[in-house]
Structures are given as C-alpha cells and as structure tokens.
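This report refers to the structure that appears directly beneath it.
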Amino acid sequence: MIKSKFKLALKIWLAIYPSITLFLYLFGENLSTFSLPMKTLVLTLVLVPWIIFAGVPTIDFFINILSKNGKK
C-alpha cells in the first residue's frame, strides 16, 4: 500500500512540477499585480483540473508504454 501511494505521489509530482513551471513562465508576469491569495486561486483553478484530467493520465500513458516496451 505504501508503495502504491508513493507511486501515485510521484506521478502527481511529475505532472504538477512542469505544469506549474510552464504556467508561471507564461502567465507569471500578468499575475504579478495580483495578491498572493488571488494568484493561488487562479493557479489552482487552472491547474487542478489540468492535472486530474490531462497531466496524470498522460503520465500513466507513458508509463504504460514504457512498461510494455520493457516486457518485450
């Protein structure tokens, strides 16, 4: 059970880190005038659905491809 939670945490981190970095690179200057709570609100409103519906499924897709290639 701990191993599966660690794997899930790693998958989420692999999706979150580049997503947050790219989002801040693209929109950070535009958000610089917002207060910290507003920046956090915008960031989470955009990125939580992105991570759930696109980020983690994409990571799963690539893990499945890599695991199938390793079994051949």
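Tabulated results
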{"quantity": "Per-region count, the range 8-31, residues closer than 16 Å to Ile52 by Cα, among the aliphatic types (A, V, I, L, M) and without any contact (Cβ under 8 Å) to a residue 24 or more places away in the chain", "calculated": "3"}
{"quantity": "Cβ pairs under 8 Å, 6+ apart, first in the range 37-50 and at pLDDT 95 or above and of a type outside the set (A, V, I, L, M, F, W, C), second part of a helix (DSSP H, G or I) and surrounded by 12 or more Cβ atoms within 10 Å (Cβ to Cβ)", "calculated": "Lys39/Leu31"}
{"quantity": "Residue in the range 30-48 that is of a type outside the set (S, T, N, Q), assigned to a helix (DSSP H, G or I) and closer than 22 Å to Asn64 by Cα present", "calculated": "no"}
{"quantity": "Residues satisfying the stated conditions in the range 27-44, i.e. loosely packed, with under 10 Cβ neighbours inside 10 Å and of a type in the set (A, V, I, L, M)", "calculated": "Leu36"}
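The values are calculated or read from the model by the stated rules, or taken from the named source; none is laboratory data. Quick caveat: nothing in here was measured; it's all calculated off a predicted structure. Here Cβ is always computed from backbone atoms with ideal geometry, including for glycine, and neighbour counts include all displayed protein chains.
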